[in-house]
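Comments concern the structure below.
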Amino acid sequence: MSYISKPKVGKLGLKPNGIGLTLRDYEGGMSTLCAGCGHDSITAALIQAYFEMDIPPHRVAKVSGIGCSSKTPAYFLSSAHGLNSVHGRMPSVVTGACAANRDLYYVGVSGDGDSLSIGMGQFAHAMRRNLNMVYVIENNGVYGLTKGQFSASADVGSQAKKGEVNQQAPIDPVLAGLAIGGTFIARAFSGDKEQLVPLIKAAIAHDGFALLDVLSPCVTFNDHETSTKSYSHTRAYSHPAIHTDFIAPAAHIRAAYDHGEAMPVMMHDGSQVILRKIDKDYDPTSRSAAFAYLEQRRKRGEIVTGLLYINEEQKEMHAIAGSAETPLVDIPYEDLCPGGTTLRDILGRYA
Amino acid sequence: MSVSSSTPGVNDFVIKLANVNGTGSASANGLLMKAIFRMGIPVSGKNFFPSNIQGLPTWYEIRVSGDGHLCRSGRVDIMVAMNAQTYAQDLAELSSGGYLIYDSTWPRARQLSRDDVQVLGIPLAKLCNEHFDNVRSRILLKNVAYVGALAALLELDLEVIRGLLAETFASKPKLIEPNMQAIALGFDYARENFECPLPMRCEAMDKTSGNVMIDGNTAAALGCLYAGATVGAWYPITPSTSLMDAFKTFCERYRKNEESGERNYCIVQAEDELAAIGMVIGAGWCGARAFTPTSGPGISLMSEFIGFAYYTEIPAVIFDVQRVGPSTGMPTRTQQCDIMTCAYASHGDTRHVLLFPANPRECFELAVQAFDLAERLQTPVFVLSDLDIGMNDWMCPLLTWDESYRPDRGKVLDKEAVEKLEAFYRYMDVDGDGICARTLPGTHPRGAYFVRGSGHNNFGRYTEDAGEYQEVVDRLLTKFDTAAELVPAPVQIGDANEIGIISIGSCDGAVLEATERLSAQGINVDYLRVLAFPFGKAVTDFIDSHARIFVVEQNRDAQLKNLLLMETETPREKLVSVLNYSGLPMDCRCVIEGVTAALKQGAAA
C-alpha cells in the first residue's frame, strides 16, 4: 500500500489529452513494490491507456483483492475511487458496484493467487455474468507477500527459489476463460508495453468482461533461471499470435492493412480494434479454434499472447437483466417507492 | 381480557393437521386458516415441515383464539391424521378429550386407539376416487375434502370458503367447482355421520378487521421495496429464500417501466454467500441501498466481508432468517441462535447493529429502518428474523406507509459539497458522533479516496502506526454509542413489579400470554422486549429497576442473556434463563413453567 504521495509536477511541457489532462493526472501514489516488479509496468500501461482514451479519472472505479497485485490500484488514477477488498473477492464487489452504478469504468486488478486459488469461483462467475469490467490478472506464478509459495498458475517443472519443483498442473486463466465463456480474452507480457497498452484500451472499450492475463515476473521470488515465469523465460517463449491496434471512435484509420490479415472489430462505444494476425490461420472469433491453437502451442512450451478471443455479441450483465439505462444510484426515490395506495392494494391479497 | 383456559371451547382450540409433504396439503390448510380469519376470529398457523420435496411427514398447527393469543398453546384438540406413517405419534400427541380425524378408506390398526379421545373416520380417499377422475385431482382434493368435514364440525361459513376459493382460482375459474364439490363431500359426510358441531367450534367475531395474514419474509421484502432498495444479492437458503422471491415479484410489478420494460432494480443470484455480501458491499460503496437475505450458515460465510464493511464503514443490510444450527442443523426448524454470531461477526474487534422484529409488521418497519441506520451509521445492519416469523402466516395489523418518508442517506457529500472543501478526508470525525462524511465513486476527482481493510488513519491513508490505528477503532466505538441512541427503543409493558421478563423477537406471543396467565396465578411481571442491539438506556434502566429478571429466548446457550451480561453492568445472578431450543416455535407453557419453577426454587433456597 502506498502512503507516500508523489509530488505533482506542473503540467508545463506535458502534452494534454482530449479533456485537457496530462499523464500526471492519471498517476497514483508511489509504488511500494520491489524495484523491477512487473506489476509496476502494468500500472504504467494502465495510466497510459486511460490517459490516451480521454477518460476522466474520477469516472473510473478501481477494485482489487489481496496480494502484491492488489496493492497496485493505489499507484494509478489517484482521482478515482478505489477499493482494496478481501482476498479473492474483488469480482463480487465490482458486481455490486456495477449493479448500482453502471456508468463507471470498472477495473479490477488481481493476481494469480487471488484469482486462480481463493478467488477462482468469483473470477469464473463474474465472467459468466459478463460483468462489464476490465479484469487484469498480474500473473507471476508465486505468492509474493507470503514469500514465495507456488501459485496455481505455476508450470509443471518450474522450480521455486528454494529448490522445490512444481508437479501440479497449472490453471491457465486464458483456457479457463475460454471454457467458462469469457467474451474478451487476452494475454500479454508486462515487459511489452507496445502490446499491452492497446490491449488495455480494447478491454476498456469492450462491453462486457475483458480478461487480461498479464505475465508479470516477480523479481524477488520467481525470476531465477529455473523459473518459467521469469523475465528471460517469458521473453524467450512469448509468441504473439495477433497484434492489436486500438482506434478511438472518432479517429481516422490511417494505417493500411493487408486484406485477409487485418480484422477490424467494431466496439459498442464506436471504437475499433484492428487485429493483425501473425499466424494467418488464427481466428480470434472462434472459441474452438482458439482452444486448439493454444493447446498446440502450449505443448511446444510457447506462451501465446495477444487478443486471443473476442465476442462482441454476447450481452453484458445489465443488458441480460434488462436494467434501466440510468444508473440505479441516480434514480430518484420517488420513482422507487410505489406509495401508500399501492401498499393497500398489495395487502388486499393478504386480508 | 379473559385468560385462555386449559380446556378448549368456542373460538379457543388447536387443530393440527398431519400430512405427507408434496401432496398439496399446504393450500388446503391455508384455506382452513384463512376461512377462520375471515370469520373475524384471531388465528395463527405454524408449519412444521421437513427439509424435503416430497414424501416426508409435515404438520400444520392452527390455533384459534378469540382472545387473540397467537403463540402455540401446547395443546392439540383436533388432530387430522392424514399420514399413516405418523399416525401413532399423532394420536399420542392429541390432548385428552380431543378428536382425531383420519381417512377411514383403509382400515386402522386396532392398537392405535385411546379411550380419552374420540376418533372420527371419514373415507376421504374413497369419496374423492368416486367423484373425481383425474389421479392428481384425487390426491389434492382429498385435502380439500377434510377442510369440508372440518367446516361442518367447526361450523365454518361455507360462503367464506367459496369466496376464498374464488380468489385463489381467479385465473383458473374452472377449478372452483371441483374444489367446492370436495368441500361438499367432506361437509355432507360429517353432517350425516357425526354430531355437528363439536364443542370446540367457531363463532363469527369482529376481531380481525384491520389485520392481514402475512408472512415475515414477504413483509420484509415489502420493506425493502418501500425503503428504495435497488440492489439485492443472495444465495438461496432456507428459510430466507422467500424474501428475495417476494422482492423479485414486487419489483417485477412495481419497479418495471411499463413502456420500456426497463427495471429500476438489479437482483443478482450469487455463486455463494461470500459473493452475495461482496455485491451488497460493492453496491453500498457506490451509494445504492443494497441487501442480502440469508440464514446462519450464510452469516458464517459472510463473516470476513462483514468485518471489512464494519472497518471500512460501508452500509449493508443483512436479513438473517434464523434456523436451527449448528452446521446444516435442522434447516426447516426455527431458533434464535445467531444473536451472538451476528453481534460480533468477523475476526478482530467488531460489533454490529442488530434489529429484532417479532412479527411481520415489524419485519416491514424494521427493514426500512435498517436501511436508514446502515446509511446513517455507514455500517452493516442485521435484521434478525427467524423461520417462524419469516415463513409462517401471522395475523398482524395492516402495514401502513407514511408518504412523507424519505430515506436517510447519511453523511454523503455530493459534487457541490466536495467542491467547497479544500481537501476531503474520509475518516475525519468532524461532528463528534463517530460518523464521518463519505463520497460516492464517480462524484468528483477531489472526493476520491481509497477504501482498504488494512490499517488506515483519519485521512484514509494506509497506516501501521499504533496511535493512528487506535484512533480509528476508538472512533468506531463512539459511533456504536451513537447507534445506541438511533436504534428503535424496546417495547415495555408494565413497570411496577419486582420481577421482569426480557425477551426478543418471536418469543413475544408466548411471553405475552404467559404474563397474563402468571398474573392470574398471582405472579405479576413486567415485560421488556428488546428491538435492537446496542441495547441503549431503556434496557439498562429496566434491568436496574427489577430485582429479578427472566431472559426468555430460543437457543441453548442463552445468547441474549450473555450479550446483556457482556454489554451491561448487570450482575450475573440477576438474570435467569428461560430457554426453548427444540426447533419448534416457543409455546407459552415453556415460559410459565420456567418462571414458576425458578421462583419455587428461589423460595425454597
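The values are calculated or read from the model by the stated rules, or taken from the named source; none is laboratory data. None of these values were measured; they are calculated from a predicted model. Note that we place each Cβ from the backbone using ideal geometry, even for glycine, and neighbour counts take in every protein chain shown.
Screening the candidates B:Arg162, B:Arg138 for the property of being surrounded by fewer than 16 Cβ atoms within 10 Å (Cβ to Cβ), assigned to a helix (DSSP H, G or I) and not acidic (Asp, Glu) yields one hit, B:Arg162. For region A:307-324, a residue qualifies if it is in contact with a strand residue (DSSP E or B) (Cβ under 7 Å, 6 or more places away or on another chain), touching a residue at least 60 places away in the same chain (Cβ under 8 Å) and farther than 14 Å from A:Leu178 by Cα, and the qualifying residues are A:Glu312, A:Ser323.
On the basis of being of a type outside the set (Gly, Ala, Ser) and within 22 Å of B:Pro331 (Cα to Cα), does B:Asn52 make the cut?
It is true that B:Asn52 is of a type outside the set (Gly, Ala, Ser) and within 22 Å of B:Pro331 (Cα to Cα).
Checked against (1) outside any strand (DSSP E or B); (2) out of contact with any Lys or Arg (no Cβ under 6 Å at 6 or more places or on another chain), B:Val451 meets all criteria but (1). Say whether the condition of being surrounded by 14 or more Cβ atoms within 10 Å (Cβ to Cβ), in contact (Cβ under 8 Å) with a residue 12 or more places away in the chain and over 30 Å from B:Leu366 (Cα atoms) is met by at least one residue in region B:506-518. Yes, there is a match, as at least one residue in region B:506-518 is surrounded by 14 or more Cβ atoms within 10 Å (Cβ to Cβ), in contact (Cβ under 8 Å) with a residue 12 or more places away in the chain and over 30 Å from B:Leu366 (Cα atoms).
Going through (1) in contact with a helix residue (DSSP H, G or I) (Cβ under 6 Å, 6 or more places away or on another chain); (2) away from chain A (no Cβ under 11 Å) one by one, B:Glu375 falls short only on (1). Of everything listed in (1) surrounded by fewer than 17 Cβ atoms within 10 Å (Cβ to Cβ); (2) in contact with an Asp or Glu (Cβ under 6 Å, 6 or more places away or on another chain), the single unmet condition for B:Ser113 is (2). The requirement of being in contact (Cβ under 8 Å) with a residue 12 or more places away in the chain, part of a helix (DSSP H, G or I) and within 8 Å of chain A (Cβ to nearest Cβ) is satisfied by B:Met279.
Report, by residue number, each residue of region B:250-276 that is in a helix (DSSP H, G or I) and more than 7 Å from chain A (Cβ to nearest Cβ).
Those that are in a helix (DSSP H, G or I) and more than 7 Å from chain A (Cβ to nearest Cβ): B:Phe250, B:Cys251, B:Glu252, B:Arg253, B:Glu273, B:Ala276.
Scoring B:Val381 on the criteria (1) touching a residue at least 12 places away in the same chain (Cβ under 8 Å); (2) not in a strand (DSSP E or B) leaves a single failure, condition (2). Got at least one residue in region A:47-61 being part of a helix (DSSP H, G or I) and under 27 Å from B:Gly228 (Cβ atoms)? For region A:47-61, residues part of a helix (DSSP H, G or I) and under 27 Å from B:Gly228 (Cβ atoms): present.
Scanning region B:447-490 for residues that are of a type in the set (Val, Ile, Thr) and more than 10 Å from chain A (Cβ to nearest Cβ) yields B:Val472, B:Val473, B:Thr478, B:Thr482, B:Val487. Residues in region B:282-303 that are of a type in the set (A, V, I, L, M, F, W, C) and outside any helix (DSSP H, G or I): B:Ala288, B:Ala290, B:Phe291. Please verify whether B:Gln369 is crowded, with 20+ Cβ neighbours inside 10 Å, assigned to a helix (DSSP H, G or I), polar (S, T, N, Q) and more than 12 Å from chain A (Cβ to nearest Cβ), treating the condition exactly as stated. So B:Gln369 passes the test. Only one entry of B:Thr208, B:Thr218 meets the criterion of being within 14 Å of chain A (Cβ to nearest Cβ) and assigned to a loop (DSSP other than H, G, I, E, B), and that entry is B:Thr208.
Go through region A:271-301 residue by residue and tally those that are part of a helix (DSSP H, G or I) and under 21 Å from A:Pro198 (Cβ atoms). Of the residues in that region, 3 qualify. The residue that is nearest to the other protein chains (Cβ to nearest Cβ), among those in region B:417-446 that are without any contact (Cβ under 8 Å) to a residue 60 or more places away in the chain and not in a loop (DSSP other than H, G, I, E, B), is B:Pro445.
Give the residue that is surrounded by the fewest Cβ atoms within 10 Å (Cβ to Cβ), with candidates limited to residues of region A:39-69 that are in contact with an Asp or Glu (Cβ under 7 Å, 6 or more places away or on another chain) and away from chain B (no Cβ under 14 Å). Restricting to residues being in contact with an Asp or Glu (Cβ under 7 Å, 6 or more places away or on another chain) and away from chain B (no Cβ under 14 Å), the top hit is A:Ile47. Quick one: in region A:307-351, which of the residues that are away from every other protein chain (no Cβ under 14 Å) and either part of a helix (DSSP H, G or I) or in contact with a helix residue (DSSP H, G or I) (Cβ under 7 Å, 6 or more places away or on another chain) (or both) is nearest to B:Pro397 (Cα to Cα)? My answer is A:Tyr309.
Conditions (1) modelled with pLDDT under 90; (2) under 26 Å from A:Ile180 (Cα atoms); (3) in contact with a Phe, Trp or Tyr (Cβ under 7 Å, 6 or more places away or on another chain), marked per residue:
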residue	(1), (2), (3)
A:Ala203	no, yes, yes
A:Ser216	no, yes, no
A:Val219	no, no, no
A:His243	yes, yes, no
A:His252	yes, no, no
A:Met266	yes, yes, no
A:Tyr282	yes, yes, yes
A:Arg287	no, yes, yes
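Taking region B:332-360 as the range and being out of contact with any His (no Cβ under 7 Å at 6 or more places or on another chain), assigned to a helix (DSSP H, G or I) and closer than 30 Å to B:Pro397 by Cβ as the test, the residues that pass are B:Ile339, B:Pro360. Output yes when any residue across region B:230-249 is more than 8 Å from chain A (Cβ to nearest Cβ), outside any helix (DSSP H, G or I), over 30 Å from B:Met79 (Cβ atoms) and of a type in the set (S, T, N, Q), and no when none is. The answer is yes, given that some residue of region B:230-249 is more than 8 Å from chain A (Cβ to nearest Cβ), outside any helix (DSSP H, G or I), over 30 Å from B:Met79 (Cβ atoms) and of a type in the set (S, T, N, Q).
Residue check: is B:Arg201 within 11 Å of chain A (Cβ to nearest Cβ) and of a type in the set (Lys, Arg)? Steps first, answer last, please.
Working: within 11 Å of chain A (Cβ to nearest Cβ): no; of a type in the set (Lys, Arg): yes.
In short, no.
Only one of the numbered conditions (1) over 33 Å from the mean Cα position of the chain (by Cα); (2) of a type in the set (A, V, I, L, M); (3) over 18 Å from B:Ala26 (Cα atoms) is violated by B:Ala125, and that is (3).
Filtered by the rule that a residue be surrounded by fewer than 20 Cβ atoms within 10 Å (Cβ to Cβ) and out of contact with any helix residue (DSSP H, G or I) (no Cβ under 7 Å at 6 or more places or on another chain), region B:430-445 gives B:Val430, B:Asp431, B:Gly432.
Among the residues of region B:17-32, those identified as modelled with pLDDT of 95 or more and surrounded by fewer than 23 Cβ atoms within 10 Å (Cβ to Cβ) are B:Gly30, B:Leu31. In this structure, does B:Arg529 turn out to be more than 30 Å from A:Val60 (Cβ to Cβ) and basic (Lys, Arg)? The answer is yes for B:Arg529.
The set of residues in region B:271-311 being surrounded by fewer than 24 Cβ atoms within 10 Å (Cβ to Cβ) and under 21 Å from A:Val329 (Cβ atoms) is empty.
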